[in-house]
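Just below is one structure, and these are the notes that go with it.
No lab work stands behind these numbers, since they all come straight from the coordinates. Quick caveat: nothing in here was measured; it's all calculated off a predicted structure. Positions of Cβ are generated from backbone atoms using ideal geometry, with glycine treated the same way; all protein chains shown enter the neighbour counts.
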C-alpha cells in the first residue's frame, strides 16, 4: 500500500541533519506495516497530480497556522476535499489534523490557554495513550462528519474519526524524546513560555505510546473499504 506523505512544513534547519525531515520520521513511525511511501512538499507548492496517486494520504505537522494566509493552504484544502469525496483515506497529524478539519467545515483557532508541549495523556475511548505534543492551535468546532475519539482536559478535540475516510490526531506520535529536546532548545525558547518548556523537559523519558498510535494509523489505512470507482 502506497502512502503519500503531504509535507506541510520542514524540520528546523538546526535539527534536520540529525533527524531528517518529516517524511523520514513518519516512515520510521510506520516501519514494519508493509507500507511504501512517496512524499510531496506541498508547503513548497509541490502537489500530486491526482488524489489517486497514492492509496492513502498522510498530512504532517507544520509551524504554520491552518487559518493563516499561505499560498499552499487553499490548494491543500481543495485537495483534502477531493480526497475525502473520492474517497481516498487520509491521516492528519497536528497541522494535518487541523487543516483537514478546517477544509471540511470545522474551525481552528489559537487556544487561549496556551501551549501543550511534551508528554501528554489522552483518553481514547477509555484507553489512556501518551504522546508528545507541540501545539498552541486547536480544532475548536468540528466538521459535521467528525467524531471525537481522543481528548484530554487541555485538548477536547484531540483525535477525530471521519468514518473510514479520515483519522486525525493533534499530538505527535512521530516525535521522539531526543528530537523533542532539540526542538525545545532550538525552536521553543523565546516562543513558548519557559515554564512550559521546563516542565516538558522534566517529563522527557516518560514512556510513550507511539507504537499503539502507529497500530491505529496502520489499521485505519488497511481496513477494508468498498471498491472505488475512478472518475
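For this structure, a couple of remarks:
- Computed [θ] at 222 nm, deg cm²/dmol, the chain (DSSP H ≥ 4; -39,500 (n - 2.57); rounded to nearest 500): -8500 deg cm²/dmol
- Residue 81/residue 199 FRET efficiency (R0 35 Å; Cβ-Cβ; nearest 0.05): 0.35
- Relative contact order of the stretch 64-137, pairs being alpha-carbon contacts under 8 Å that are 6 or more residues apart, as %: 25
- Taking every alpha-carbon pair under 8 Å whose residues sit at least 6 apart, the stretch 116-231 reaches a relative contact order of 27 percent.
- For the stretch 98-231: rounded, prolate or oblate by the Cα gyration tensor [a/c cutoff 1.5]: prolate
- Looking at the chain, the DSSP beta bridges with both ends there are about 55 percent antiparallel.
- Of all the options 66, 159, 41, the one that moves most in a Gaussian network model of the chain with Cα springs shorter than 10 angstrom is 41.
- Comparing 204, 217, 100 in a Gaussian network model of the chain, where Cα atoms under 10 Å apart are tied by springs, the biggest mean-square fluctuation is seen for 204.
- Cα long-axis angle, helix 210-222 against the chain (0 to 90 degrees, to the nearest 10): 10
- Degrees, to the nearest 10: 73-85 long Cα axis against longest axis of the chain: 50
- Between 0 and 90 degrees, the angle of helix 194-203 with respect to the longest Cα principal axis of the chain falls at about 80 degrees.
- Relative contact order of the stretch 1-117, defined on C-alpha pairs under 8 angstrom at six or more residues apart (%): 29
- Rounded if a/c under 1.5, otherwise prolate or oblate - the stretch 31-134, Cα gyration tensor axes: oblate
- D_trans [Stokes-Einstein, Kirkwood Rh over alpha-carbon pairs] for the stretch 12-80, 10 °C, 1.306 mPa s, µm² s⁻¹: 116
- Among 141, 153, 214, the largest mean-square fluctuation in a Gaussian network model of the chain (Cα springs under 10 Å) belongs to 153.
- Extending 7 Å from Cα along the Cβ direction at residue 55 and again at residue 191 yields two label points whose distance is 3.5 nm.
- Whether the stretch 188-231 is rounded, prolate or oblate, judged on the alpha carbon gyration tensor where a/c under 1.5 counts as rounded: oblate
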